[in-house]
1. If I filter the stretch 51-67 down to residues being part of a strand (DSSP E or B) and in contact with a Leu (Cβ under 8 Å, 6 or more places away or on another chain), which single residue comes out as farthest from ligand 2 (Cβ to nearest atom)?
2. Suppose we keep only residues that are touching a Phe, Trp or Tyr at 6+ places or on another chain (Cβ under 7 Å) and not small (Gly, Ala, Ser) within the stretch 106-126. Which one would you say is surrounded by the most Cβ atoms within 10 Å (Cβ to Cβ)?
3. Does the stretch 88-105 contain at least one residue that is within 16 Å of the chain's Cα centre (by Cα), surrounded by fewer than 20 Cβ atoms within 10 Å (Cβ to Cβ), of a type outside the set (Gly, Ala, Ser) and not in a helix (DSSP H, G or I)?
4. Take the stretch 184-198 and flag every residue that is closer than 14 Å to ILE5 by Cβ, assigned to a helix (DSSP H, G or I) and more than 16 Å from ligand 2 (Cβ to nearest atom).
5. Please pick out the residue among PRO63, PRO79 that is at pLDDT 95 or above, out of contact with any Gly (no Cβ under 8 Å at 6 or more places or on another chain), surrounded by fewer than 20 Cβ atoms within 10 Å (Cβ to Cβ) and under 22 Å from GLY29 (Cα atoms).
6. Can you go through LEU138, LEU212 and tell me which one is at pLDDT 95 or above, in contact with a helix residue (DSSP H, G or I) (Cβ under 6 Å, 6 or more places away or on another chain) and within 16 Å of ligand 2 (Cβ to nearest atom)?
7. Please name all residue pairs, on different chains or six or more residues apart, with Cβ atoms under 6 Å, provided the first residue is in the stretch 142-155 and is within 15 Å of SER12 (Cβ to Cβ) and the second residue is among the small types (Gly, Ala, Ser) and not in a loop (DSSP other than H, G, I, E, B).
8. Please specify each residue of the stretch 1-50 satisfying the condition of being away from ligand 1 (no atom under 11 Å from the Cβ), assigned to a helix (DSSP H, G or I) and not charged (D, E, K, R).
Amino acid sequence: MDKIIVSPSILSADFSNLERDIKKVENAGADWVHVDVMDGHFVPNITIGVPVVKSLRKITKLPLDVHLMIENPEKYVEPFANAGADILTFHYEAVEESEIPQIIKKIKSYGIKAGISIKPNTSAEVLLRFLDIFDMVLIMTVEPGFGGQEFMPDCAEKIKIIRQNSPNIIIQVDGGINAKTGTICKNYGANSLVAGNYIYKSENIEQAIKSLKN
Ligand code: DX5
Ligand code: ZN
């Protein structure tokens, strides 16, 4: 398997010290910066939006991996792309299937990567017909909305189905990832791990990131 892309979720960082906390993971070997955007409708929580992504763009050269947990994601492709997102991932459950090709086309028109995510109750099969047009699939291993929840092993099994059908797509996993659950996901074929609490609450961030890569 290729190199594992580790994407620390800033949801677990100190929002009054975002620059300091992003430098911390950057210096500790993070590959991407995972930004959780929530609108209080698609998920029962509100986090951050376009202005914060714009500010983050100024303080890090790492790719900004923006996870949109919002309704009507198509409306926000342009502002997030212009703000500096490098990967834009939206939820399958937030759109009509027929709109998907059009949304990807829009994301790609900005020269950035397009990802699609599924919640725990959505089957992997719904994504199979779209694997050729996406750069990344994001499998949620918790109900989206909050950091610090427990990993759902049944959800991780979906990785196998995606990997069997696409040798090259990036498969990212998000929710309750630590060294142990990360290994399960990598063994199933995942090659990108998001981790919030495991990285940010760790005594040794460098070691935590390394444990996800090995
Ligand atoms: C949850 C978010 C995650 C979250 C992960 O809805 O999408 O990115 O920050 O946090 P941990 O790793 O603590 O489960
Ligand atoms: Zn996320």
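The values are calculated or read from the model by the stated rules, or taken from the named source; none is laboratory data. These numbers come from a predicted model, not from an experiment. Using ideal geometry, Cβ is built from the backbone for each residue, glycine included, and neighbour counts are taken over all protein chains shown.
1. We begin by selecting, within the stretch 51-67, every residue part of a strand (DSSP E or B); these are 64-67.
Cutting the leftovers down to in contact with a Leu (Cβ under 8 Å, 6 or more places away or on another chain) gives us 64, 66-67.
Details: LEU64: 13, VAL66: 9, HIS67: 4 Å.
Per the criteria, the residue is LEU64.
2. Ranking the candidates gives ILE116 first.
3. Checking the stretch 88-105: not a single residue is within 16 Å of the chain's Cα centre (by Cα), surrounded by fewer than 20 Cβ atoms within 10 Å (Cβ to Cβ), of a type outside the set (Gly, Ala, Ser) and not in a helix (DSSP H, G or I).
4. The one that is closer than 14 Å to ILE5 by Cβ, assigned to a helix (DSSP H, G or I) and more than 16 Å from ligand 2 (Cβ to nearest atom): LYS186.
5. Working: PRO79 fails: under 22 Å from GLY29 (Cα atoms).
Every option except PRO63 fails the conditions.
6. Working: LEU138 fails: in contact with a helix residue (DSSP H, G or I) (Cβ under 6 Å, 6 or more places away or on another chain).
Just a single option satisfies the conditions, and that option is LEU212.
7. Listed pairs, sorted by first residue: GLY147/SER12.
8. Across the stretch 1-50, the qualifying residues are PHE15, SER16, ASN17, LEU18, ILE22, VAL25, ASN27, VAL50.
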